[in-house]
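To start, the structure under review is shown below, and the notes come after it.
The values are calculated or read from the model by the stated rules, or taken from the named source; none is laboratory data. Note that this is a predicted model, so its numbers are computed, not measured. Virtual Cβ from ideal backbone geometry, glycine too; neighbours counted across all protein chains shown. Accessible surface is based on the protein model in full, side chains and every heavy atom, while ligands, DNA and RNA are left aside. Shrake-Rupley method; radii C 1.70, N 1.55, O 1.52, S 1.80 Å.
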Amino acid sequence: MAAPPGEYFSVGSQVSCRTCQEQRLQGEVVAFDYQSKMLALKCPSSSGKPNHADILLINLQYVSEVEIINDRTETPPPLASLNVSKLASKARTEKEEKLSQAYAISAGVSLEGQQLFQTIHKTFLELFIHQAGGVGCPARGNFHLLSSPSSIKDCKWQEKNIVVMEEVVITPPYQVENCKGKEGSALSHVRKIVEKHFRDVESQKILQRSQAQQPQKEAALSS
């Protein structure tokens with residue numbers, strides 16, 4: 001049924017919304033603020049990871065239609081506790097990533113360079129999380145330089161060059177041979193990241209070409 005304007009939404013209900021841009025959004029209500037007309041829906045994770053979910057914040061003032069698919073009337077379960085400091089840290093990290101990406105685009109950095117920067121940043125961030133004790137640090141070399149949260153910021157742009165931990169500089173076109181710095185564990189590890197990154201990129205291109213050619217092969221066999 002269509003929900004009349006101003007109706008409250010019960011936590012746990014399944015709701016479908018159509019935005020003013022004709023986009024259909026559907027999920028489970030996790031929160032609703034009547035004053036601001038903000039509705040929070042939990043949807044399946046866009047990443048496809050199990051035990052993960054996307055949370056959509058919807059301003060009902062920009063929604064043309066709301067439909068309650070399944071109205072939940074029983075008392076909802078207690079809200080899960082939130083790690084505020086972890087959320088704040090994640091927000092800061094994502095803000096820094098967006099600012100870094102914006103700088104790279106404005107500086108005319110190639111797409112290959114932008115992708116490599118993100119790979120290096122993500123790799124060092126994951127290593128820091130391992131060292132923080134959450135998962136258990138894998139035996140992958142000497143990572144004493146990742147002993148503090150500030151280390152995840154040590155991958156930055158210097159014009160079109162990528163500077164890693166103030167020790168390694170990667171210049172365009174960002175290949176292994178473009179990694180310069182003092183010989184040691186840092187340079188060796190960065191070279192391995194760069195090598196693996198482009199190997200993965202090439203494997204992905206081969207897979208995409210194979211998938212694109214598959215319908216043609218099937219059509220040829222069927223004819």
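Things worth noting here:
- For peptides 189-200, 11-22, sequence by mean Cβ density within 10 Å, most packed first: 189-200, 11-22
- Under 25 Å of direct C-alpha separation, and excluding same-chain neighbours fewer than eight residues apart, residue 180 reaches these lysines: 122, 153, 156, 160, 192, 196.
- Additional length obtainable on full extension of the chain from residue 211 to residue 195, 0.36 nm per residue less Cα span: 3.3 nm
- Straightening the chain between residue 61 and residue 85 buys 5.5 nm, computed as 0.36 nm per residue apart minus the Cα-Cα spacing.
- Cα gyration tensor shape of region 66-110, rounded if a/c is under 1.5, else prolate or oblate by comparing a/b with b/c: oblate
- With a 1.4 Å probe rolled over the protein heavy atoms of all chains, the accessible area of 38, 165 falls in the order 38, 165, largest first.
- Qualifying lysines (Cα of each under 29 Å from Cα of residue 37; at least 8 residues distant if same chain): 86, 90, 95, 98
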